[in-house]
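The values are calculated or read from the model by the stated rules, or taken from the named source; none is laboratory data. Since this is a predicted model, take the numbers as computed values, not measurements. Glycine also receives a Cβ, built like all others from the backbone with ideal geometry; neighbour counts cover every protein chain displayed. SASA here: full protein model, heavy atoms, side chains in, ligands and nucleic acids out. Shrake-Rupley method; radii C 1.70, N 1.55, O 1.52, S 1.80 Å.
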Amino acid sequence: ISLMPALYDRRQFLASLGSAVAKPARRPNIVLMLADDMGFSDIGCYGGEIATPNLDRLAQRGIRFTHFHNTARCCPTRASLLTGLYPHQTGVGHMVDNPKPFPGYTGDLNRHCVTIAEVLRPAGYRTLMSGKWHVTPVTESKHNWPLQRGFDRYYGIIHGGASYFDPVTLTRGNQPVEPEGKDFYLTDAIAENAVGHVQEFGRGPDPFFLYVAFTSPHWPLHALEADVAKYKGRYKDGWDALRAERHRRMIEMGVVEKRWALTPRDSRVAAWKDTPNRDWHERRMEVYAAQIDRMDQGVGRILGALEAAGADRNTLILFLADNGGCAEELKPGAAALHIPKTTRDGRVVRSGNVPGLMPGAGDTYQSYGIGWANASNTPFRLYKHWVHEGGISTPLIASWPAAIRKQGGLTHQPGHLIDLMATCAD
């Protein structure tokens with residue numbers, strides 16, 4: 001713990017979870033949930049129109065942070081979240097597939113740091129993980145895989161992105177595994193394995209730490225048609241109207257201040273009325289919304305498992321995102337490391353944001369683009385990659401019914417990823 005820099009006094013940060021924090025009878029379980037490439041305003045309790053009733057319920061019995069920050073990219077955020085250090089101190093100052101000959105940019109989690117699992121396990125916690133790892137290169141060496149960095153159980157992908165229907169680097173423990181069943185969908189698999197962890201350890205004598213790292217809503221735009229159908233026609237008025245609508249709700253909720261003007265539309269994006277291929281653009285946002293919707297359904301199943309185990313009151317649950325919405329426009333052939341050439345049933349996978357090629361199915365590989373990322377990050381400017389507010393601002397929901405007395409409100413206490421491990425260790 002002494003290795004961790006203190007940007008904010010960690011007890012002040014813990015106190016900000018709810019004005020007065022009661023001391024529970026026993027050490028709490030901790031569930032840390034991370035969304036991937038999700039914008040500040042996407043979920044309902046932060047002003048979004050996407051159906052997230054389970055996250056909204058979590059916010060009602062906890063507290064929402066309005067000034068919490070990440071590091072604008074996948075790998076540095078995960079390294080910082082796991083260690084309580086700034087990412088350069090861990091060797092993951094940038095991406096694991098882009099190493100440089102400097103200590104802060106080796107692209108591989110170093111041994112000068114300890115992970116939250118390596119701290120909590122000797123203190124008597126069972127340490128469990130389901131989801132995306134992405135703090136070490138994908139090589140034959142497993143020296144920095146989850147089980148080698150303090151976790152008792154692991155299921156997920158080692159790499160940074162993958163098909164939701166046929167993911168690369170899918171792993172259980174230290175062994176590669178194949179997707180199970182013809183209806184496999186990665187978001188569901190991550191949630192179900194997290195549920196299994198709760199069922200196995202939720203009633204035990206020892207507390208547990210569970211890290212649930214969803215890949216949703218990171219590209220590719222893959223979703224189940226039943227979820228996409230919920231949003232059919234919802235985005236027909238386009239990104240300009242959506243940004244204004246979200247901004248109004250955020251002001252009403254108190255998430256942002258009225259004096260903060262909505263930033264101008266990105267200059268690379270046309271006004272909606274002047275945009276060609278609007279049906280294709282609509283479909284992209286419909287699929288993106290469906291991905292978040294499905295993640296929320298998974299969150300609901302995890303909450304249900306905690307309740308069934310009688311562990312819901314004395315569990316600290318934290319939910320946040322690794323960076324802001326992603327404005328990357330995938331070109332044909334892009335993201336080759338993440339793409340199988342054919343689907344599991346033999347169809348050729350077509351990658352790239354090609355207007356008219358409707359996303360959603362496993363034989364496509366697309367992203368939702370600049371205009372919708374601009375809406376995801378309402379009211380801020382810029383996106384993942386940039387350390388402007390659009391890149392580094394994240395929702396943070398903290399729920400702990402046994403300890404947080406003032407529930408359902410907002411806190412404007414500044415916070416950063418490095419605060420989370422220190423708070424959990426306290």
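Among the numbered criteria (1) buried (at least 24 other Cβ atoms within 10 Å of the Cβ); (2) part of a loop (DSSP other than H, G, I, E, B), which single criterion is violated by residue 159?
(1)
Does segment 251-273 contain any residue that is of a type in the set (Val, Ile, Thr), open to solvent by 10 Å² or more (accessible area, probe 1.4 Å) and not in a loop (DSSP other than H, G, I, E, B)? First the steps, then the outcome.
Residues of segment 251-273 that are of a type in the set (Val, Ile, Thr), as a first pass: 251, 255-256, 263, 269.
Still in the list and also open to solvent by 10 Å² or more (accessible area, probe 1.4 Å): 251, 263, 269.
Right, trim to not in a loop (DSSP other than H, G, I, E, B) and you get 251.
Yes, that holds for at least one residue.
Hey, among 338, 412, 385, which residue is touching a helix residue (DSSP H, G or I) at 6+ places or on another chain (Cβ under 9 Å) and over 26 Å from residue 229 (Cα atoms)? Full working, then the answer.
Working: 338 fails: touching a helix residue (DSSP H, G or I) at 6+ places or on another chain (Cβ under 9 Å); 412 fails: touching a helix residue (DSSP H, G or I) at 6+ places or on another chain (Cβ under 9 Å).
None of the others qualify; the one that does is 385.
I need the full set of residues from segment 284-294 which are open to solvent by less than 10 Å² (accessible area, probe 1.4 Å) and in contact with a helix residue (DSSP H, G or I) (Cβ under 6 Å, 6 or more places away or on another chain), in order please.
If the condition is that a residue be open to solvent by less than 10 Å² (accessible area, probe 1.4 Å) and in contact with a helix residue (DSSP H, G or I) (Cβ under 6 Å, 6 or more places away or on another chain), then 285, 286, 287, 290, 293 are the ones that fit.
If you go through segment 295-312, how many residues are open to solvent by less than 10 Å² (accessible area, probe 1.4 Å) and not aliphatic (A, V, I, L, M)?
The number of residues fulfilling the criteria is 2.
Cβ-Cβ under 9 Å, sequence separation 6+ or interchain: first residue in segment 52-76 and free of Cβ contacts under 8 Å to residues at least 40 places away in the same chain and over 24 Å from residue 298 (Cα atoms), partner part of a helix (DSSP H, G or I) and open to solvent by less than 40 Å² (accessible area, probe 1.4 Å). Which pairs?
Short answer, once both residue conditions are applied: 76/87; 76/90.
Here are some conditions: (1) crowded, with 24+ Cβ neighbours inside 10 Å; (2) touching a Ser or Thr at 6+ places or on another chain (Cβ under 8 Å); (3) closer than 30 Å to residue 329 by Cβ. Residue 400 meets all but one. Which one does it not meet?
That leaves (3) as the condition not met.
Out of (1) closer than 23 Å to residue 219 by Cβ; (2) surrounded by fewer than 22 Cβ atoms within 10 Å (Cβ to Cβ); (3) among the polar types (S, T, N, Q), the odd one out for residue 89 is which?
All conditions are met except number (1).
Just for segment 313-342: of the residues that are over 19 Å from residue 377 (Cβ atoms) and of a type in the set (S, T, N, Q), which one is surrounded by the most Cβ atoms within 10 Å (Cβ to Cβ)?
315
How many residues, within segment 363-396, are open to solvent by less than 10 Å² (accessible area, probe 1.4 Å) and farther than 30 Å from residue 415 by Cα?
Number satisfying all stated conditions: 3.
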